[in-house]
1. Looking at (1) under 20 Å from the mean Cα position of the chain (by Cα); (2) not in a helix (DSSP H, G or I), find the lone condition where Pro105 falls short.
2. Suppose we filter Arg224, Arg174 for residues that are at negative phi and surrounded by fewer than 14 Cβ atoms within 10 Å (Cβ to Cβ); which single one remains?
3. Could you look through the range 148-171, keep only residues that are buried (at least 21 other Cβ atoms within 10 Å of the Cβ) and more than 17 Å from the chain's Cα centre (by Cα), and pick out the one that is modelled with the highest pLDDT?
4. Asp206 passes all but one of (1) modelled with pLDDT of 95 or more; (2) over 22 Å from Leu23 (Cα atoms); which number fails?
5. Residues of the range 7-52 being part of a helix (DSSP H, G or I) and closer than 16 Å to Asp226 by Cβ, which ones?
6. Would you confirm, using the coordinates I've provided, whether Val232 is out of contact with any Phe, Trp or Tyr (no Cβ under 9 Å at 6 or more places or on another chain), touching a residue at least 60 places away in the same chain (Cβ under 8 Å), surrounded by 16 or more Cβ atoms within 10 Å (Cβ to Cβ) and within 20 Å of Val36 (Cβ to Cβ)?
7. Checking the condition in a loop (DSSP other than H, G, I, E, B) and under 18 Å from the mean Cα position of the chain (by Cα), which residue from Ala85, Ala95, Ala99 passes?
8. Does the range 166-180 include one or more residues that are small (Gly, Ala, Ser), closer than 22 Å to Gly256 by Cα and outside any helix (DSSP H, G or I)?
Amino acid sequence: MADIFDVGGKTALVTGGSRGIGLMIARGLLQAGARVIVSSRKTADVEQAAAQLAEIGDCVAIPADVSSLEGAAALAAATAERFPALDLLVNNAGATWGAPLEDFPASGWDRVAHTNVEGVFHLTVGLLAPLRAAASAEDPARVINIGSIDGMRVPSMENYSYSASKAAVHMLTRHLAKRLAPEHITVNAIAPGPFESKMMAFALQDPATRSAIEQSVPLGRIGRADDVAGLVRFLASRAGSYVTGEVIALDGGITGCG
């Protein structure tokens with residue numbers, strides 16, 4: 001049991017890895033001994049993040065925009081060139097949009113759907129060869145999609161395209177898991193609640209709003225970096241090798257205790 005959570009030497013790609021939950025995941029994997037590529041559409045941001053992460057372990061940046069088929073294909077090709085066998089893909093890159101119902105624009109659907117759903121699909125398909133190369137019955141390759149509790153229950157905010165896209169991510173996770181299980185590739189989703197991220201910054205920077213959010217969480221706090229890093233490490237290690245097709249809420253009890 002001593003090494004059941006070991007991910008040392010594994011290779012991983014984390015999209016949206018320059019900040020927020022993606023950065024938390026990348027840092028946690030590096031601290032556990034994995035080799036990591038971080039990707040994001042903003043070149044300066046992801047290169048700065050990779051430079052900081054490289055002080056912990058083997059980390060490089062590949063800028064890419066997975067909201068387009070061409071961007072996802074380019075990232076898949078660059079990743080496969082560095083890691084011909086890829087142990088772990090973390091599809092974390094995401095976009096959101098909020099607007100009142102009658103004012104919600106078509107553009108609020110396009111960017112969100114292209115990034116949150118199509119990006120997950122196209123990048124996963126593009127990386128099947130290196131995932132298959134890393135996969136075995138005893139140690140499957142892993143895909144972890146970052147969904148949201150907004151895709152599990154009706155959110156209070158008017159983020160229609162975001163909540164719909166995350167519900168789609170959850171179903172896509174199950175569908176891919178069934179298709180890829182015979183090839184020894186597991187596919188799971190993590191559905192975070194409130195964490196320190198750009199998407200939550202507008203709410204968490206106000207002390208009164210932050211306090212109200214914390215009080216809405218049964219465990220009484222905002223998610224921490226080790227919460228998400230620990231769950232990713234579980235799913236990526238021997239401990240999680242028999243788990244596939246699951247959507248795991250990481251929300252301090254919001255969905256499970258509501």
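1. Checking Pro105 against (1) under 20 Å from the mean Cα position of the chain (by Cα); (2) not in a helix (DSSP H, G or I), the one that fails is (1).
2. Arg224
3. Per the stated criteria, the residue is Ser161.
4. All conditions pass for Asp206, except number (1).
5. The answer is Gly20, Ile21, Gly22, Leu23, Met24, Ile25, Ala26, Arg27, Gly28, Leu29, Leu30, Gln31.
6. Details: out of contact with any Phe, Trp or Tyr (no Cβ under 9 Å at 6 or more places or on another chain): yes; touching a residue at least 60 places away in the same chain (Cβ under 8 Å): yes; surrounded by 16 or more Cβ atoms within 10 Å (Cβ to Cβ): yes; within 20 Å of Val36 (Cβ to Cβ): yes.
Against the criterion (out of contact with any Phe, Trp or Tyr (no Cβ under 9 Å at 6 or more places or on another chain), touching a residue at least 60 places away in the same chain (Cβ under 8 Å), surrounded by 16 or more Cβ atoms within 10 Å (Cβ to Cβ) and within 20 Å of Val36 (Cβ to Cβ)), Val232 qualifies.
7. Of Ala85, Ala95, Ala99, the one residue that is in a loop (DSSP other than H, G, I, E, B) and under 18 Å from the mean Cα position of the chain (by Cα) is Ala95.
8. No - not one qualifying residue is present in the range 166-180.
The values are calculated or read from the model by the stated rules, or taken from the named source; none is laboratory data. The structure presented is a predicted model; accordingly, all values stated were derived computationally and were not measured. With ideal geometry, Cβ positions are generated from the backbone for all residues, glycine too; neighbour counts draw on all protein chains shown.
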